[in-house]
1. Going down the list 36/174; 36/170; 36/130; 61/130; 130/174, which pairs span over 24 Å between their C-alpha atoms?
2. Compute the helix-to-body angle for 118-136: its Cα long axis versus the longest principal axis of the chain, expressed 0 to 90° and rounded to tens.
3. Counting only DSSP beta bridges with both residues in segment 7-136, what percent are antiparallel, rounded to the nearest 5?
4. Quick check: the angle from helix 84-100's long axis to the longest principal axis of the chain, C-alpha only, nearest 10 degrees?
5. For segment 7-136, give the magnitude of the charge dipole about the Cα centre (Cβ charges: +1 Lys/Arg, -1 Asp/Glu; no others), in debye to the nearest 20.
6. Going highest first, how would you order 169-178, 72-81, 153-162 by mean Cβ packing within 10 Å?
7. State, as an integer percentage, the relative contact order of segment 151-194 based on alpha-carbon contacts under 8 Å between residues 6 or more apart.
8. Where does the chain land on Rg/Rh, using Cα atoms and the Kirkwood Rh?
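Every number in this text was worked out from the coordinates using simple rules, so none of it is lab data. Keep in mind that what you see is a predicted model, and the values were worked out from it rather than measured. In this analysis, Cβ positions are derived from the backbone assuming ideal geometry, glycine residues included, and neighbour counts consider all displayed protein chains.
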Amino acid sequence: MSKKIPLIFDGGFEPGTHPVCEPAQVNHPDGLLTVKLGEATCRFQMDLHQITTQLRESFNKHYGPQVMQPYDSSAAFRWSERNGADALSAQLAAATLTLATNGMAFWGRPEGSFLIGEKACEMISRSAYKEAQKRAGLNHKFSKKDLLGPRMIARASDNDWVACPRCGIKFNFKSINHWDEEKHLSCGQLIVLE
């Protein structure tokens, strides 16, 4: 809240009772979270793991000694690469959760290196806001409420196809892989269909 990030978790999400995965398990069936990011509805996966001795040793080997020493659990955030809005919401949720719990964030970089802790949080937030400003467009005054840019109007053809006014890609609005009745999933643009 102090950062004024417009990320609101679904009322059913209770961090203290969120299911904990087995060490080797990913994509926990009950780990899907629903959030509002600005005015868009987004979803992503959050898997919680208890930090075992083996996991702690693995982290220490890869990220340096004692990195995980004060912590008893870790959270992994996953989202669909086809969904730009979900990617933004998951990144901001990771930074927010880290700040709220005095946790440690890890941010991988393209060249294989990584950032840890406060620097990672700053990079996550900076990256998300940079992407949000890009989405908002040159002629749109960026606001944190409009992280995904202004709603745009698009006309659907008789055979259920529509061209996204932001990215120009044509998609069938009856396809759940491309449209969630609110936004174009590939680029995250909020669309009102005519």
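1. Working: 36/174 22 Å; 36/170 26 Å; 36/130 19 Å; 61/130 32 Å; 130/174 31 Å.
Over 24 Å apart, Cα to Cα: 36/170; 61/130; 130/174.
2. It is inclined by approximately 0 degrees.
3. Details: 18 of 20 bridges.
Percentage antiparallel, nearest 5: 90.
4. 30 degrees
5. Numbers: 12 positive and 14 negative charges, 96 e Å.
The calculated dipole for segment 7-136 is roughly 460 debye.
6. Values: 169-178: 13.1, 72-81: 14.9, 153-162: 11.6.
Top of the packing list down: 72-81, 169-178, 153-162.
7. Values: 70 pairs, mean separation 18.4, N = 44.
That works out to 42 percent.
8. On the way: Rg = 18.4 Å, Rh = 18.2 Å.
Computed over Cα atoms, the ratio is 1.01.
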